[in-house]
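Quick notes on the structure that follows.
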Amino acid sequence: MTYVLTRPAFLVVTAALAYAIATAGIKWASDAPSPMALLLIIFGFGLATITEVVLLRQADLSVIYIAIITVETLMVLTLAALIGEGLSPKQMLGAAFVLTGIFIVGE
């Protein structure tokens with residue numbers, strides 16, 4: 001079990017999920033500040049920090065950063081779609097650039 005928890009792919013997804021949780025808290029707080037929104041923000045950023053510390057002991061910052069941003073982007077775009085926020089063509093192009101970046105850096 002410990003082996004799975006320290007694998008880079010698992011840590012990238014965990015960090016991205018943590019950032020997405022913090023983003024959801026920020027979105028929630030922008031509508032109506034609440035203790036639960038603040039809790040999501042603190043939990044998300046705290047988990048992301050811990051995860052990235054472990055992850056950066058295993059891989060280069062440039063690759064890790066792009067990987068986390070890519071996975072987080074997909075998660076946040078999915079969240080935005082689920083809550084009814086559409087994407088403009090400009091936003092879709094930006095997301096495509098982020099996804100392209102991971103393939104360029106990953107090689």
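Candidates are the residues of segment 92-107 that are farther than 20 Å from A15 by Cβ and at pLDDT below 80; the one that is farthest from the chain's Cα centre (by Cα) is E107. The sole residue among Y65, Y19 that is in contact (Cβ under 8 Å) with a residue 40 or more places away in the chain and among the aromatic types (F, W, Y) is Y19.
Of the helices (runs of 4 or more DSSP H) lying entirely inside the chain, the ones with 1 or more residues being out of contact with any Asp or Glu (no Cβ under 6 Å at 6 or more places or on another chain) and of a type in the set (D, E, K, R) are found at 8-31, 35-56, 61-82, 89-106. Of everything in segment 18-53 that's among the aliphatic types (A, V, I, L, M), surrounded by 12 or more Cβ atoms within 10 Å (Cβ to Cβ) and closer than 15 Å to I64 by Cβ, which residue is farthest from the chain's Cα centre (by Cα)? Checked segment 18-53; the qualifying residue farthest from the chain's Cα centre (by Cα) is I50.
Residues in segment 32-79 that are modelled with pLDDT under 90, more than 13 Å from Y19 (Cβ to Cβ) and small (G, A, S): A32, A59, S62.
The values are calculated or read from the model by the stated rules, or taken from the named source; none is laboratory data. In this text the structure is predicted, and so the values were computed from the model without any measurement. Using ideal geometry, Cβ is built from the backbone for each residue, glycine included, and neighbour counts are taken over all protein chains shown.
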